[in-house]
Amino acid sequence: MYINTSNQEKMDLGFGNYTCNWGLHVAGLYETEEERDQLIFEYLKTGFLNKESLLYIPTERSEPDFREKFAKHCPDCTKLLDSEKLSLYSARQLYYPNGVFTPWDMEESLNLFFEEKQKSGKEYVRAIAEMVWTLDVIPGIENLMVYESRLNYFVKNKPLASLCLYNLSKFNGATIMEVLRTHPYTISKGIFTQNPYYQEPDVWLKTNAPEFSGK
């Protein structure tokens, strides 16, 4: 099923036979390890088969666990695990390397990664992150949804897709509601859909964090 998500080229999400367009920001909502892994493995497998660059931030599992289980899920993908096409980062490495989370530093880190991938020409980048790291006591983490809202500015017009995974059994309802307000699309129980609760960043930021408004 095709869902028009932007004016960019089409992309295959890798699950549910869904296709959409690049420049994508999605909230992946799940409750079980099986749901989580189905999203992660199929999303990355499809990117590998399409020769895209992949970025994965595991949190609920170790890197060795991911390597072992992904190899079983996709035996043809084993050569990906040690290739430059796959970048594995810890949450701290990417989101708060200096011990403090700020939306500005996070945008800079993501931009540096993205620009590095574009040095040899247009490269499609497929990112996926497990967000339970945000439940830790990290200075500045109260601005997480500022980053999530501003990420909609960042992905626009870029050959980039970002899938943020939220475990419904660990996040409270108020947080999930803010996740819905900052992600234009969701994937849950195998269903990919436009999110009716989403607010454009100009609106959400003006209401909730005006000091972070503006592209």
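Classify region 60-185 as rounded, prolate or oblate from the Cα gyration tensor: take a ≥ b ≥ c as the square roots of its eigenvalues, call it rounded if a/c is under 1.5, otherwise prolate when a/b beats b/c and oblate if not. The shape class here is oblate. Amide H to amide H distances under 5 Å link TYR18 with LEU13, where only residues 5 or more positions off or on other chains count and H is placed in the peptide plane.
For region 89-163, what class follows from the C-alpha gyration tensor (a ≥ b ≥ c being the square roots of its eigenvalues): rounded when a/c is under 1.5, otherwise prolate if a/b is larger than b/c, else oblate?
Judged from the Cα gyration tensor, region 89-163 comes out prolate (a/c at least 1.5, a/b above b/c).
With the helix formula -39500 (n - 2.57) applied to DSSP H stretches of n ≥ 4, the chain reaches a computed 222 nm mean residue ellipticity of -11000 deg cm²/dmol.
What percentage of all Cα-Cα pairs in region 157-205 are separated by more than 15 Å? Of the Cα pairs, 52 percent sit more than 15 Å apart. Rounded is the label for region 1-124, because the ratio a/c of its alpha-carbon gyration tensor axes (a ≥ b ≥ c) stays below 1.5.
Each part reduced to its alpha carbon centroid, region 171-213 and region 1-58 end up 18 Å apart.
Structure note, pairs LYS72/LYS215; LYS45/LYS170; LYS10/LYS119; LYS79/LYS170; LYS72/LYS156: Cα-Cα distances above 32 angstrom occur for LYS72/LYS215; LYS79/LYS170; LYS72/LYS156.
Cross-link partners for LYS158 among the aspartates and glutamates, with Cα-Cα distance under 13 Å and sequence neighbours closer than 8 places in the same chain left out: GLU9, GLU115, GLU123.
Using the alpha carbons of the chain, what is the convex hull volume per residue in cubic angstrom, as a whole number? Write out the running numbers ahead of the final one.
Values: hull volume 26.1 nm³, N = 215.
Once divided by residue count, the hull of the chain is 121 Å³.
Under the criterion of Cα pairs below 8 Å and six or more residues apart, the relative contact order for region 1-131 equals 24 percent.
The distance between label points at THR19 and ASN4 comes to 1.5 nm (points 7 Å beyond Cα on the Cα→Cβ vector). By the Cβ distance rule (another cysteine Cβ under 4.7 Å), the unpaired cysteines of the chain are CYS20, CYS164. Considering the chain as a Gaussian network with a 10 Å cut-off on Cα pairs, which listed residue, GLY121, GLY28, GLY99, attains the greatest mean-square fluctuation? Result for the chain, Cα springs under 10 Å: GLY121 fluctuates most.
Every read-out reported here was derived from the displayed coordinates using simple, explicitly stated rules and does not represent laboratory data. Owing to the predicted nature of the structure, the values given are computational and were not obtained by experimental measurement. Ideal geometry is used to build each Cβ from the backbone, glycine not excepted, and the neighbour counts take in all protein chains shown.
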